[in-house]
Every structure is written in C-alpha cells, then in structure tokens.
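K.L.:
I'd like to ask some things about the structure below.
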Amino acid sequence: MHETRPAQAADILVSGAQVISPGEEPVVIQKGDVAVSGSRIAYVGPSPAPEEFRRGARVLDGSGLVALPGFVNAHTHAAMTVFRGFADDMPLMEWLTQKIWPSEARLDGDAVYWGAMLACVEMIRAGVTTFADMYFFMDETAKAVERTGIRASLSRGLIGSAPGADGALAEGTELCEHWNGACGGRITTMLGPHAPYTCPQAFLEKVMEAAADLEVGMHIHLSETEGEVRECRGLHGGMSPIELMDSYGLFEFPVLAAHCVHASDRDIEILSAKGVGVAHNPGCNMKIASGIAPVPKMIRAGVKVGLGTDGAASNNNLDLLEEARIAAFLHKLASGDPTVLPAGEALYLATLGSARALGLDRDIGTLEAGKKADIILIDATGPHMYPHHDMVSQVVYSARSSDVRTVIIDGEILMEDGAILLVDEEEVVARAEERAQALVRA
Ligand SMILES: [Zn+2]
C-alpha cells in the first residue's frame with residue numbers, strides 16, 4: 001500500500017492512524033496517513049506522507065483511531081426505517097401480507113423521503129458509506145442520498161404480478177435515466193425485479209430488455225425461504241429459483257441477489273460461473289428464521305459474497321459492523337468450526353466483498369490511492385478496544401458502530417468526531433417519527 005498518484009495538493013490528510021485495508025489478507029499499517037484529493041484517495045502509506053500530500057491539507061489527527069474503508073451495505077430498503085419495531089416476531093409471509101404490504105400501500109413520497117433520511121443518518125453514524133436499495137418512491141430516496149452525501153445503488157422494486165407492473169417498470173426506467181451517475185457518480189442505479197415468485201417470465205423479459213437498453217444491472221431477492229424454493233420447483237419442472245433465473249437469461253446481466261439462503265450445490269455453481277453478486281443478510285435471516293445461507297461454501301466456490309442488513313423492519317438496524325460479527329458467529333456455530341469466517345474475512349465481506357457484489361469494486365471497498373475517498377475513523381481508545389493485540393480482530397469482534405467517529409464519503413467530511421455536519425439530525429428524527437406514527441395510525 002505504498003501507493004501514490006501524480007503529485008497534487010491534498011484537501012484532507014488523515015494523519016497517524018492505524019490503517020486497515022481489506023483484501024485476501026487485510027493490509028495493516030501501524031501508523032499511516034491517508035490523503036484525499038477531491039473525491040479520491042491520493043495517498044495511503046506510512047506516516048508521515050510525502051510533503052506534497054501534506055501541503056495545504058486539512059489535517060485530521062488520526063492518533064488513537066483506526067482508518068478503514070467505509071462499510072458497504074449490500075442489501076436494504078432504506079425507507080423501511082418507518083416500520084422499525086412495528087411488526088416483529090412473525091413468520092415472513094404473515095409479516096408481509098398482514099403487516100408490511102398493507103402499510104406500504106399507504107406510503108407516500110414524503111414518508112419515504114424522511115424514512116430514507118433517517119436511514120442515511122443512521123448508516124453514516126455506523127460507518128456505512130454505500131448502500132444498495134430496492135423500494136418505491138425511489139426519487140425520494142435518491143433525494144435523501146443527494147442531500148446527506150452518502151453513496152448508493154438504487155433500484156425501484158418491481159412486483160410483476162401486481163396491477164400497475166408496467167407503470168412500475170416505467171418508473172424504474174425513469175429512475176435509471178434520471179439518477180444513474182448523478183451527484184458526481186455517488187448515485188448508481190439498477191432495475192429491481194422483487195423476486196421470482198412475484199415476477200413472471202413475461203415480465204422479467206421486459207425488465208431484461210430495459211436493463212439492456214439502460215446498461216444497468218438488476219437487484220433481486222432469491223431463495224430466501226424453503227417454501228419459496230419448494231413452490232418454484234413444483235411450478236417449474238424441478239428448477240430452483242436460481243436455476244429458473246439462469247434459464248431465463250437473467251444472469252447474462254450484472255445481478256445483485258439478496259439472500260440465496262436455500263442455495264443448492266448446483267445453485268452455487270451457477271452463481272459462481274455467472275458472477276452473480278450475493279448479499280448475505282444473516283441478522284434478517286436469523287430474525288425471520290429463514291435459514292442459514294451456505295456462505296462459507298459460496299466463498300470457497302468463488303461467489304462474490306457481500307453483507308447486507310435488509311430493511312430495518314426485519315433486522316432491526318442498519319449496522320453493518322454488527323452484521324459482520326453476526327455473520328462470523330453464525331457460520332462458526334452452523335459449521336461447528338470456529339476457524340470458519342475469521343475476522344479478516346468478515347471485514348472483507350462488509351467492505352470489498354460487498355463492493356464486488358455491487359459491481360463497484362473499481363471505486364470503493366479498500367483504502368488505495370485512486371479509489372473514491374470513502375473513509376471511516378474508528379475510536380480505538382475505549383476500554384473494550386484494549387489491549388491492542390490485533391486490530392482487525394478488535395474491529396470485528398469488539399468495536400461498536402458508535403465507535404465510528406469520523407466519516408468521509410466522496411472526499412467530503414459528513415461526520416466529524418461524532419457530529420453529523422450536513423443535515424439537522426434532530427429534524428430528521430422528528431420528521432421520520434411523525435411519518436411513522438401516521439402510517440401506523442391510518
Ligand atoms: Zn430485502
């Protein structure tokens with residue numbers, strides 16, 4: 001990581017932090033500097049950085065802090081924060097049909113905007129610098145992303161079997177036309193066919209046609225529950241949802257697939273061969289008792305696995321650091337093998353793994369010169385962070401998201417020493433609470 005770009009004065013210099021950048025093995029610099037020029041990282045290496053990266057830079061003292069690439073939440077429904085804690089402890093289908101879908105029918109753009117604002121502020125506080133979202137009224141989520149300064153890959157959720165499916169696809173298309181590459185590239189877009197059981201083949205054909213025209217990928221839920229897989233095999237000549245989507249040609253496009261809990265060995269071969277990104281959501285899968293995704297097997301097979309929180313109604317927070325710890329613990333327990341999913345791999349899943357699953361790894365996921373400056377600083381001075389034997393282990397197994405002190409996204413300082421700078425956090429919380437209460441009262 002002794003990398004430099006052509007000499008250019010830096011705007012921000014994180015000085016004297018312990019720097020950790022994920023990879024096959026995490027790269028650790030005990031005392032390092034990270035220089036930011038414009039929206040990109042200009043230098044990562046030992047401290048002090050060469051003079052040209054220090055000249056004129058705003059210096060952030062990194063002593064006692066760990067610098068990491070921001071976490072990448074590979075699957076969520078940001079505005080669902082308005083449904084947090086309103087319907088817990090229910091089976092997935094009952095939860096969807098009796099609680100979530102009827103309430104979602106009452107959603108409007110205003111509720112989505114403030115729900116997404118709440119989600120963005122919560123994620124920035126937790127060091128999440130990018131999220132992949134699928135929902136409705138996505139213009140409003142895009143406005144929240146624009147306003148808060150976070151990075152996102154947005155898709156309009158499409159239920160092909162519902163009335164108005166073509167209108168939804170038109171909205172999804174407009175979202176891509178209007179927002180793909182917006183905010184200096186901070187916003188990217190996909191199309192969002194919800195799932196095989198809500199999107200018949202004829203509809204998926206239209207989605208694929210639109211994806212080809214727009215040159216975007218797709219974000220979909222696949223094989224989340226056992227029942228879904230059983231029903232699919234019954235209806236489609238024994239094919240699993242993953243085999244079915246492959247037979248339709250969906251995986252000829254870049255695809256981000258949430259869950260893949262009930263993926264067979266054959267499914268894993270397909271996911272690997274077709275380069276499908278998988279968003280593993282262990283907290284949500286545990287809470288809804290959907291099952292345990294075969295993540296260690298997927299990783300061994302070369303599947304591009306990342307980590308997501310799913311929506312706040314089924315997690316119930318958007319804390320990816322917690323998700324990394326849950327992932328490590330869950331797969332150790334499930335396999336009966338404590339060597340499975342070690343700390344470095346969990347950190348990889350939450351950063352570079354997710355960036356790969358989203359197809360954004362050229363720009364984010366590590367701290368390297370040339371990449372986008374999405375950097376978080378974690379306080380390593382709390383009692384639970386000592387002793388300092390192995391900081392990768394401390395971050396994954398012991399740090400709390402509230403230890404995130406400073407967040408830089410796209411070269412912009414969005415949170416500094418615990419203070420959110422660009423938005424009025426009190427207003428966001430109050431407005432989201434008003435909208436959430438109104439939705440439940442209605
Ligand atoms: Zn989801």
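K.L.:
Please list, in chain and number order, the residues 5+ apart from SER37 or on another chain whose amide H is under 5 Å from its amide H, with Hs placed from the backbone.
P.N.:
It is ASP11, ALA42, by chain and number.
K.L.:
Right, next: Among ALA273, ALA380, ALA211, which one moves the most in a GNM of the chain with springs linking Cα atoms closer than 10 Å?
P.N.:
Residue with maximal mean-square fluctuation among ALA273, ALA380, ALA211: ALA273.
K.L.:
If you wrap a convex hull around the C-alpha atoms of the stretch 71-357 and split its volume per residue, what is the figure in Å³?
P.N.:
It comes to 115 Å³ per residue, whole-number rounded.
K.L.:
Next up: Just report the Cα centroid separation between the stretch 422-442 and the stretch 12-85, whole Å.
P.N.:
31 Å
K.L.:
Would you kindly derive the ³J(HN,Hα) couplings of the stretch 131-146 from the backbone phi angles with the Karplus curve 6.51 cos²θ - 1.76 cosθ + 1.60 (θ = phi - 60°), listing them in order in whole Hz, with x for Gly and Pro?
P.N.:
The phi angles translate into 9, 9, 10, 9, 6, 10, 6, 5, 4, 5, 5, 4, 5, 5, 5, 4 Hz.
K.L.:
Not counting the cut sites, what is the longest span of the chain without trypsin sites (Lys or Arg not before Pro) that DSSP labels loop and that have at most 16 other Cβ atoms within 10 Å?
P.N.:
Longest site-free region, per DSSP loop and neighbour criteria: 107-361.
K.L.:
Could you tell me the convex hull volume per residue, in Å³, taken over the Cα atoms of the stretch 286-387?
P.N.:
Spelled out: Cα convex hull of the stretch 286-387, divided by residues, is 142 Å³.
K.L.:
Right, another one. Cα axis of helix 226-235 to longest principal axis of the chain: angle in degrees, 0 to 90, nearest 10?
P.N.:
Rounded to the nearest ten degrees, it is 40.
K.L.:
If you fit an axis through the alpha-carbon atoms of helix 425-441 and take the longest principal axis of the Cα set of the chain, what angle between them do you get, 0 to 90°, nearest 10?
P.N.:
It is inclined by approximately 10 degrees.
K.L.:
Also, I was wondering about something else. Can you work out the Karplus-derived ³J(HN,Hα) for every residue in the stretch 177-192? Use 6.51 cos²θ - 1.76 cosθ + 1.60 with θ = phi - 60°, whole Hz, and x for glycine or proline.
P.N.:
After applying 6.51 cos²θ - 1.76 cosθ + 1.60, I find 5, 7, 10, 5, x, 5, 6, x, x, 5, 9, 10, 9, 9, 9, x Hz.
K.L.:
Using the number of other C-beta atoms within 10 angstrom as an exposure proxy, rank THR366, THR339, THR129 with the fewest first.
P.N.:
Ranked by crowding around the Cβ, least crowded first: THR339, THR366, THR129.
K.L.:
Name the residues whose placed amide hydrogens come within less than 5 Å of the amide hydrogen of ALA373, ignoring near sequence neighbours (fewer than 5 apart) on the same chain.
P.N.:
Here the answer is ARG40, ILE41, ASP410, GLY411, since their amide H atoms fall under 5 Å of that of ALA373.
K.L.:
Each residue of the stretch 370-376 in turn: what ³J(HN,Hα) in whole Hz from Karplus with 6.51, -1.76, 1.60 and θ = phi - 60°, glycine and Pro shown as x?
P.N.:
x, 7, 4, 7, 10, 10, 10
K.L.:
Can you tell me what share of the DSSP beta bridges in the chain is antiparallel? A percent to the nearest 5 is fine.
P.N.:
Of the beta bridges lying entirely in the chain, close to 45 percent run antiparallel.
K.L.:
Do you know the relative contact order of the chain, to the nearest whole percent, from alpha carbon pairs under 8 angstrom that are 6+ apart?
P.N.:
Taking the mean separation of contacting Cα pairs over the length of the chain, I get 21 percent.
K.L.:
Which of THR351, THR381, THR309 moves most in a GNM of the chain, Cα contacts under 10 Å?
P.N.:
Maximum among the listed residues: THR381.
K.L.:
As an exercise, use a Förster radius of 35 Å and the Cβ-Cβ distance of LEU235 and LYS297 to find the FRET efficiency, rounded to the nearest 0.05.
P.N.:
That gives a FRET efficiency of 0.85.
K.L.:
Continuing with this model, one more query. Which Rg and Dmax, in Å, describe the Cα atoms of the stretch 9-56?
P.N.:
According to the Cα coordinates of the stretch 9-56, Rg and Dmax are 10.7, 35 Å.
K.L.:
Which one of PRO338, PRO22, PRO294 has the biggest mean-square fluctuation once the chain is modelled by GNM with Cα springs under 10 Å?
P.N.:
The residue with the greatest mean-square fluctuation here is PRO338.
K.L.:
Expected output is a single nm value to one decimal: the length gained when fully extending between THR339 and GLN98, i.e. 0.36 nm times separation in residues minus the C-alpha distance. What is it?
P.N.:
Extending this stretch completely gives an extra 82.7 nm.
K.L.:
Hey, can you grab everything whose amide H is under 5 Å from the amide H of THR189? Only 5+ residues off in sequence or another chain; H modelled, so Pro and N-termini drop out.
P.N.:
Long-range HN contacts for THR189: LEU154, GLY181.
K.L.:
Against the longest principal axis of the chain, how steep is helix 109-125, in degrees 0 to 90 to the nearest 10, with axes from Cα atoms?
P.N.:
With both axes taken from Cα atoms, the answer is about 40 degrees.
Quick note: the coordinates plus some simple rules give every number you see, no bench work behind them. Source: prediction; values computed, not measured. Virtual Cβ from ideal backbone geometry, glycine too; neighbours counted across all protein chains shown.
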